[in-house]
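The values are calculated or read from the model by the stated rules, or taken from the named source; none is laboratory data. Just so we're clear, the structure is a prediction, and the values are computed from it rather than from any experiment. In this analysis, Cβ positions are derived from the backbone assuming ideal geometry, glycine residues included, and neighbour counts consider all displayed protein chains.
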Amino acid sequence: MDIRGIDLFIVVAYLVAIPIFGVYFKRYVHTEQDYFLAGKMLPWWVISMSIIGTNIGAYDYMGAAGGAYRFGLAQANYEWIGAIPAMILSALLFVPYYWKAGVYTVPEFLGKRYNTAVRVIEAILWGSFLACVLGVFFWASGLMLNEYLGLPIEIALIATALIVGIYTITGGLAAVAMTDVVQLLVMFIGGIALTILGLWTVGGWEGMIQKIIPSHPDHFKLFLPLDNPTYPWAGMIFGLAIVLSPAWWCCHQAIIQRTLGARGEWDAKAGMLFAAFPKMFIPMLVVLPGLLTLALNPNLVGADMDKAFPWLIKNLLPAGLAGLVFAAFMAALISSVDSTLNSAATLWTRDIYQRFLVKKASDKHYLNVGRILTFAFLIWAIIFAPVTKKFPGIYVAMQTLLSIFQGPTFAITLLGIYWKRATQWGGLAGLIGGVCISTTLFLFEKWSFLYVAWWSFCGSIVINIIISLITRPEPTDKLQGLVYGLVMKDKTLQEILSKRAKGETNE
Amino acid sequence: MSNWFRNLPLFWALLIAVAGFLGMLIWAWFRPKAYIYQDAPDQRWWRDLRIWASLLMLIQIALYVVFGT
């Protein structure tokens, strides 16, 4: 890639400024809660921007632009029907109960609601997933620095670890969330600049439509026919919108952790809900570039379609803007890496180390363990990253693993919060049974992951209900604050739970 | 059953989606006011999260009506 002085200056300035800004928040970290939950001081606007920074990664830029090049506007379903309703559901139903429970992780909540076995299974699944995804993110980051700055790949990986590690290890969630705010602004500025320049080049929105529609008549439709192999409308609605998307927005540790660090219940809910507004504009940054590339160059075929985004940067942007858009691309990557790193350390510290290895140590001890684990995951990511090169399908495999347990996880969490009759054995059987169903459908029926998610969700719900109805109900004391409706009309209990969540009481 | 499903016109996708958005909007308004404002610094109208949810759903309906099929 051609690199000019002004572009290099912008990229280097950005990569130096981010860790310096992040390290500033070290001064606020004195306890385990400060480190993992930002001392429960995050306001709603920081939470919302951090959620979107975490959600949008470099793979979204590449994959979504490539998807838009192939299938058109249907790719935007992942940002619209595949996100916005689920974010409302998460904000108004799930987040308040996680927050009230005063937990650090989603598996910890499931452990309180059901039993330790459910917590351990969930913690191992999510912990392994996050650790593997870190390696993939690191490799992508190393490749970008190698391609753009010409750094050898090993040096690029270490540079990534230094940039992210310095502030994630020292400042914890507060540093991660605050840097995410800056990264999101950089992403939007770079992305909007690219989109405006692209639209101007193709003759505006109308010009783009006129260039694409004659050869691709379905490229401006959100729903595609059922015989479309990748985006059939039924899969989009039943698999994506009803199961996978709520599973992501209501149960994903890296997403939910920001809301657990909120300064109050309202901020936790508002943070998740307000994130839906910038989320609606994400197709402008990741889908429109794919369509613009198609309008400018309809000759990309096969795997080259996935290079729609780099093609646009290379062929469209003048000096200065290329550096800005590259910085936006790196911002997307780094904001996902730091969140994944922090969440992986939180899960392993709280749900494995603190639960099974050292149960009653001092606050300072767990703070140090959190920092050591964050460092260990950095080293792991540097070592594991090159492995992803040898197995190009590893990211797809990770996503497949995610879809295998996402449907059952969402099913037991939904029933756990909405149905007080769900018992610990119902939850455990629902989780294990749902994972068995999705694994069977994948291995023997070779179904699309969208349909697998739907049927494993339904199966998990049915199993949970049947087993719950034939086992002894949970005592009401155990369910207070964990199940919708039980505390709605009891103001005193609401206040006690609110104080407990803020750490003001041990009740 | 499978053939019947496959022969459904694309318009049904739009109908199901819009019904889902409207359902979510109505569901949000069934949340009690005290639950929505829990822990809020004050009770100003713009802090009512049901209004935020409604705005989001109305924008989604508009986008899917324009680009859905």
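In region B:22-33, of all residues being of a type in the set (Phe, Trp, Tyr) and part of a helix (DSSP H, G or I), the one that is nearest to the other protein chains (Cβ to nearest Cβ) corresponds to B:27.
Residue by residue, here is whether (1) touching a Gly at 6+ places or on another chain (Cβ under 7 Å); (2) aliphatic (A, V, I, L, M); (3) within 30 Å of residue B:38 (Cα to Cα) holds:
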residue: A:6; (1), (2), (3): yes, yes, no
residue: A:13; (1), (2), (3): no, yes, no
residue: A:23; (1), (2), (3): yes, yes, no
residue: A:29; (1), (2), (3): yes, yes, yes
residue: A:88; (1), (2), (3): no, yes, yes
residue: A:94; (1), (2), (3): no, no, yes
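Those helices (runs of 4 or more DSSP H) of region A:189-281 in which at least 2 residues are under 23 Å from the mean Cα position of the chain (by Cα), within 11 Å of chain B (Cβ to nearest Cβ) and buried (at least 21 other Cβ atoms within 10 Å of the Cβ), considering only elements entirely within it, cover A:265-274. Among helices (runs of 4 or more DSSP H) entirely within region A:43-100, having at least 2 residues that are surrounded by fewer than 24 Cβ atoms within 10 Å (Cβ to Cβ) singles out A:44-55, A:58-71. Could you identify the single residue in A:322, A:303 that is over 25 Å from the mean Cα position of the chain (by Cα) and surrounded by fewer than 24 Cβ atoms within 10 Å (Cβ to Cβ)? The conditions single out A:303. Looking across A:86, A:91, one residue alone is within 14 Å of another protein chain (Cβ to nearest Cβ) and in contact with a Phe, Trp or Tyr (Cβ under 6 Å, 6 or more places away or on another chain). It is A:86.
Evaluated against (1) modelled with pLDDT of 90 or more; (2) farther than 30 Å from residue A:420 by Cα, residue A:81 falls short on exactly one condition, (2).
Among the residues of region B:34-61, what is the count of those that are facing chain A (nearest Cβ under 7 Å) and not in a helix (DSSP H, G or I)? The total comes to 3.
Any residue that is hydroxyl-bearing (Ser, Thr, Tyr), surrounded by 18 or more Cβ atoms within 10 Å (Cβ to Cβ) and under 30 Å from residue A:82 (Cα atoms) - is there at least one of those in region A:456-470? Yes, some residue in region A:456-470 is hydroxyl-bearing (Ser, Thr, Tyr), surrounded by 18 or more Cβ atoms within 10 Å (Cβ to Cβ) and under 30 Å from residue A:82 (Cα atoms). Pairs meeting the criteria (first residue in region A:189-208 and closer than 21 Å to residue A:53 by Cα, second residue among the β-branched types (Val, Ile, Thr), beta carbons under 9 Å, at least 6 apart or on different chains) are A:190/A:325; A:191/A:282; A:191/A:286; A:191/A:325; A:193/A:325; A:194/A:313; A:194/A:325.
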